[in-house]
Amino acid sequence: MNIAARTAKSDTSGIDLDGFSKGLFIGGTWQEGETGRRIPVVDPSSETVLAEVADAGLADAAAAVDAAARAAPGWAATPPRQRSEILRRCFELMSERAEMLARLISLENGKALRDARGEVAYAAEFFRWNAEEAVRIVGDFGMAPAGANRIIVDYQPIGICVLITPWNFPAAMATRKIAPALAAGCTVVLKPATETPLTAYALAALYKEAGVPDGVVNVITTSTPGPVTSAMLADPRVRKLSFTGSTGVGRTLLAEASKSVISCSMELGGNAPLIVFDDADLDVAVEGAMIAKMRNAGEACTAANRLYVQAGIYDRFVAALTQRMESLAVGPGTDPETECGPMITAKAVDKIDRLVEDAVTRGARVLCGGKKLQGTGFFYPPTVLTDVPLDADMSCEEIFGPVAPISRFDTEAEVIARANDTEYGLAAYVFTKDIARGLKVSRQIEAGMIALNRGLVSDPAAPFGGVKQSGLGREGGSHGVLEFTEPQYIAVTL
Ligand code: NAD
């Protein structure tokens, strides 16, 4: 394995960390917050504190909802074309500052700069896509079948939205919600993850510069997300919760939202199968597996969590994948040579260690990696395991790290049954040169998204989301914006 020289120092040059940690962003101004407490933000590559952000309490949450409520009528009444042009400006500013934003993401999240650049492009695209959607939210007008009246259907902004995002895509998970919410005419309170809040605050300042009116986007960070979120969901002015994160927290929030019958969109955990049939193109399958497994060093909800390879291609696939995994450069995210950065926290590394140990105890073989790296930073090496038994913990838990567990299968029916043997249903990957077979298998897999002969499925122009316990609703495509609207029907006799 190629481990780049690791440094204990964070490279923060050219990044205005003080500017991005001034306080909570409420009503277009920076506020210290009622608790007076601060939350440290740690660089997972160097374990040094980059900055401290404000820690919101209940009064701050109420102030953020107040600000969103004050801004709501004006924003809903802003002509769609004007909203569209402001969103377009957000896209342009993000694109102009892409390199700075990518370095900021690498610093606080640890992901390799090349992944961070990809994230910024993906995140900015949600503004361009939704700038185009903002002027195309069309209703319906038609005759009732009985002929007595007309039916008018109009899509109205759903109201104030609470948005909660995880640390693994600090920019994209936020813009995937903010852009469609604003396109639909809603105002929002974003609560980003405390591990990676600086990107959210940097983007808040950018939205203001792009012309987003004060109060339309508010951002608060808190070390007590439970009570702060409950208080916002109990406010009758809040009508939407859009959450991305783990299935466990999603379940808790669904129960909380049920008290006020709030509309919920849930983007939750995954346990993606990656299936390679004998007739797959080996190079395409290995390249696809590398992307599906190693984008973000495996810290992705869509990450391939279980690799099933048919007996006839198994040995060649295992050898080629192991060679690619072993040659990855491990190092600090901001180092341009790095291909696999650190994990988000020491706890995340310990979880991966536990899952690998469990699989090995049950009979898995380690072909490369397999032990956490000692020294500064939360590093785990690219790891390939074979003969992973079906009852290993990693067969049903998200690994969220650079570990590829491979198992052999014989028949199509067997692998479909294995792929579906999970409570999750977010993404799946299928490799075969026979497209008809690929489509047939795809339709039998219980997942919201299938990548056929490729390792990447996310696209702002496509509906992203899961089935089963991977979530409710879709983000992106033409579906994403409708999640932030309510259809109103008017019956009228003309
Ligand atoms: P997490 O569920 O621990 O946290 C997500 C967010 O919820 C954070 O902002 C956190 O502060 C907040 N939170 C935690 N407890 C809360 C509570 N009681 N009330 C309100 N908010 C609370 O998840 P994570 O570790 O940050 O992210 C990783 C998880 O996210 C993985 O399970 C991954 O699969 C999932 N994920 C899903 C998608 C998707 O689109 N489906 C995308 C990215 C990540």
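A short reminder: the numbers here are calculations on the coordinates, not readings from a lab. Just so you know, these numbers come straight off a predicted model, no measurement behind them. Positions of Cβ are backbone-derived with ideal geometry, glycine not excepted, and every protein chain shown enters the neighbour counts.
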Review point. Fully extended, how many nm does the chain gain between Ala436 and Ala148 (0.36 nm per residue separation, minus their Cα-Cα distance)?
Key: 98.9 nm
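Gln323 to Ser223: extension gain in nm, 0.36 nm per residue of separation minus the Cα-Cα distance? It would help to have the intermediate numbers written out before the result.
Values: separation 100, 0.36 × 100 = 36.00 nm, distance 4.20 nm.
Result for the pair: 31.8 nm of gain on full extension.
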Revision key, fill the gap. For Thr411 and Thr48, extending 7 Å from Cα along the Cα-Cβ vector and measuring point to point gives, in nm, a value of 6.0
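To the nearest 0.05, what FRET efficiency results for Ala77 and Ala234 with a Förster distance of 25 Å applied to their C-beta separation? Could you put the intermediate results ahead of the total?
On the way: r = 27 Å, r/R0 = 1.09.
The calculated FRET efficiency here is 0.35.
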Practice item. Using only alpha carbon pairs under 8 Å that are at least six residues apart, calculate the relative contact order of the stretch 272-460 and give it in whole percent. Key: 29
Exercise for review: State, to one decimal in nm, how far the label point of Val135 lies from the label point of Lys208, with both points 7 Å from Cα in the Cβ direction.
Suggested key: 2.9
**Study point:** Percent RCO, i.e. relative contact order, over the chain, from Cα pairs under 8 Å lying at least 6 residues apart
**Key:** 19
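Could you work out the mean projected area of the convex hull around the alpha carbons of the chain, in square nanometres to one decimal? Could the numbers behind the result be given before it?
Numbers: hull surface 95.5 nm².
About 23.9 nm², averaged over all directions.
Can you tell me which of 326-335, 181-190, 76-85 comes out highest on packing, and rank the rest after it, using the mean Cβ neighbours within 10 Å? Don't skip to the end; give the middle numbers.
Working: 326-335: 22.1, 181-190: 27.6, 76-85: 14.6.
Highest to lowest by the protection proxy: 181-190, 326-335, 76-85.
Taking the Cβ-Cβ separation of Arg37 and Lys347 as r and a Förster radius of 22 Å, what is the calculated FRET efficiency to the nearest 0.05? Before the final figure, lay out each step's value.
On the way: r = 21 Å, r/R0 = 0.97.
Efficiency computed from Cβ-Cβ geometry: 0.55.
Let's test the formula: R0 of 22 Å, r as the Cβ-Cβ distance of Asp315 and Lys371. What FRET efficiency results, to the nearest 0.05? Mind showing how you got there, number by number?
Details: r = 25 Å, r/R0 = 1.13.
Step by step, r from the Cβ atoms, then E = 0.35.
Of all beta bridges DSSP finds with both residues in the stretch 272-460, what is the antiparallel percent, to the nearest 5?
Values: 3 of 24 bridges.
Looking only at bridges with both residues in the stretch 272-460, the antiparallel portion is about 10 percent.
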Review point. By its C-alpha gyration tensor, with a ≥ b ≥ c as the square roots of the eigenvalues, how is the stretch 272-460 shaped: rounded for a/c under 1.5, else prolate for a/b larger than b/c, else oblate?
Key: prolate
Check your understanding: Using the Karplus equation 6.51 cos²θ - 1.76 cosθ + 1.60 (θ = phi - 60°), what ³J(HN,Hα) coupling, rounded to whole Hz, does each residue of the stretch 223-229 give in order, writing x for Gly and Pro?
Key -> 8, 10, x, x, x, 5, 5
Practice item. Per DSSP H run of n ≥ 4, the term is -39500 (n - 2.57); total these for the chain, divide by its residue number, and report the mean residue ellipticity at 222 nm rounded to 500 deg cm²/dmol. Key: -12000 deg cm²/dmol
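What's the extension gain from Leu58 to Val492 if we count 0.36 nm per residue and subtract their Cα-Cα distance? It would help to have the intermediate numbers written out before the result.
On the way: separation 434, 0.36 × 434 = 156.24 nm, distance 4.45 nm.
Result for the pair: 151.8 nm of gain on full extension.
By the gyration tensor of its Cα atoms, with a ≥ b ≥ c the square roots of the eigenvalues, what is the shape of the stretch 29-123: rounded for a/c under 1.5, prolate for a/b over b/c, or oblate?
Working: a/c = 3.61, a/b = 1.15, b/c = 3.14.
Oblate.
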